[in-house]
1. Select from GLN316, GLN339, ASN171 the residue farthest towards the positive end of the dipole of the chain; place +1 on Cβ of Lys and Arg, -1 on Cβ of Asp and Glu, and compute about the Cα centre.
2. For the range 47-138, which GluC sites (Glu not before Pro) are both in a DSSP coil and crowded by at most 10 other Cβ atoms within 10 Å?
3. Counting only residues 5 or more places away or on other chains, whose amide H sits under 5 Å from the amide H of ILE329 once H atoms are built in the peptide plane?
4. Starting from the Cα of LYS351, draw a straight line to each of the lysines and keep only those under 23 Å, dropping any in the same chain fewer than 8 residues away.
5. Need one number: % antiparallel among DSSP beta bridges in the range 3-366, to the nearest 5.
6. So how much slack lies between MET1 and HIS209, counting 0.36 nm per residue of separation and subtracting their Cα-Cα distance, in nm?
7. In debye to the nearest 20, how big a dipole does the chain give about its Cα centre with +1 on each Lys and Arg Cβ and -1 on each Asp and Glu Cβ?
8. At most 10 other Cβ atoms within 10 Å and a DSSP loop assignment: could you name the GluC sites (Glu not before Pro) in the range 229-335 that fit?
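What follows draws every value from the coordinates through simple rules; no lab data is involved. No experiment lies behind these values; they were computed from the predicted model shown. Reconstructed Cβ throughout: ideal geometry from the backbone, glycine too, with neighbour counts over all protein chains shown.
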Amino acid sequence: MAKLIFYPVGNADSTLIHLADNRLILKDYCDAHSGNEDDKRIELDEELHSYLEEQERDYFDVVVFSHAHDDHVQGADGFFWLDHAQTYQGDDRIHIRELWVPACFILETNLDSAARTIRQEAKYRLKEGYGIKVFGEPDKLDKWLEDVDIDPADRASLIVRAGGCVPGFDNRNGQVEIFVHSPFSFRMEDEKVDRNGNSLVFHLTFFEHQQEHRCILGGDAEYETWDNIVYITKKQGNEERLDWDLFRISHHCSYTALADERGDDETQPVENVASLFDRGSKDCILISSSKPIPEKNSEEDADIQPPHRQAAAYYQRVAREHGNENNFIVTMEWPDQGQPKPVIVETSRYKLVVRRNISFIGGISSVTHKPSPRMG
């Protein structure tokens with residue numbers, strides 16, 4: 001059995017994937033808890049430390065940073081052990097066996113804070129030739145390698161292209177296939193980096209007995225990227241990689257992941273994006289890693305920041321038409337806004353199951369009657 005844990009971190013992302021072979025993949029890390037008891041976001045560092053202690057380890061097998069925005073990296077520079085700066089590390093830091101980043105993470109020059117530190121770690125590992133996978137194949141990455149006196153051919157095994165699966169994961173290894181939808185090579189052609197357009201988008205197929213469970217994990221991909229994903233995937237004959245039982249909605253329930261117009265009451269997605277959501281299975285699950293969905297009012301509708309109620313209305317309709325409106329889940333509303341808990345989804349013999357009883361999920365938040373002192 002495998003499970004996915006979606007942490008309530010506001011308009012930010014962090015997802016833990018616990019594979020059947022006990023490998024742990026952490027996709028994104030953002031710990032922005034203010035320390036104020038009114039802050040309902042989970043204290044991610046404590047939660048992850050507790051989870052790892054239960055597993056009797058001080059490392060993740062894979063840590064993925066889908067792109068370099070703060071809501072996907074904040075606090076990572078103080079949480080993880082960094083090989084490129086070992087002198088400054090403490091014993092309580094968490095180790096990364098393999099780091100996954102899009103190519104643009106390495107090539108960007110205007111990063112700061114945690115994103116800059118992760119970039120330096122990625123550069124160090126790529127130079128040394130270990131413990132990293134880089135996604136995308138832009139010519140500029142080859143040039144960067146040549147500029148540091150490395151033959152790109154010597155690092156070819158560390159580069160993963162869109163349209164294929166990540167090596168080392170299959171039915172016998174972790175009981176999962178990880179198919180890469182994005183980034184595309186052409187997304188790196190312009191001088192200005194489009195972080196959302198270059199963010200990592202994966203399609204996971206979990207194998208449980210004779211059943212296959214399919215999940216799409218979007219970064220902050222916007223509708224143009226999804227449109228391209230659908231077009232290219234169909235053109236390459238990989239349509240099954242568009243099927244899904246669980247969809248981690250991209251960009252924190254922003255309408256920009258669906259179309260260029262918000263709409264009055266419901267966002268109407270562009271044709272290819274609509275066709276993607278039509279491919280959800282019966283009782284499919286949609287998860288929005290976001291703040292609570294706002295009510296309708298003029299002030300909210302003037303706000304450009306997600307989540308957008310019009311996008312949420314579309315996702316709710318998708319869940320309803322596929323069998324269960326309650327399967328549209330917002331992380332900061334789960335199970336209620338007063339004290340959000342991680343959303344746990346497990347594989348089973350028959351389907352993906354959302355654990356409705358949250359009294360035992362692993363980590364500090366599993367003790368229902370003893371919440372973290374700094375949580376509201």
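1. Final value for the positive-end residue is ASN171.
2. GLU56
3. LEU286, ILE287, SER288
4. LYS3, LYS27, LYS282, LYS341
5. 55
6. 73.9 nm
7. About 1040 debye.
8. Sites meeting the loop and neighbour criteria: GLU295.
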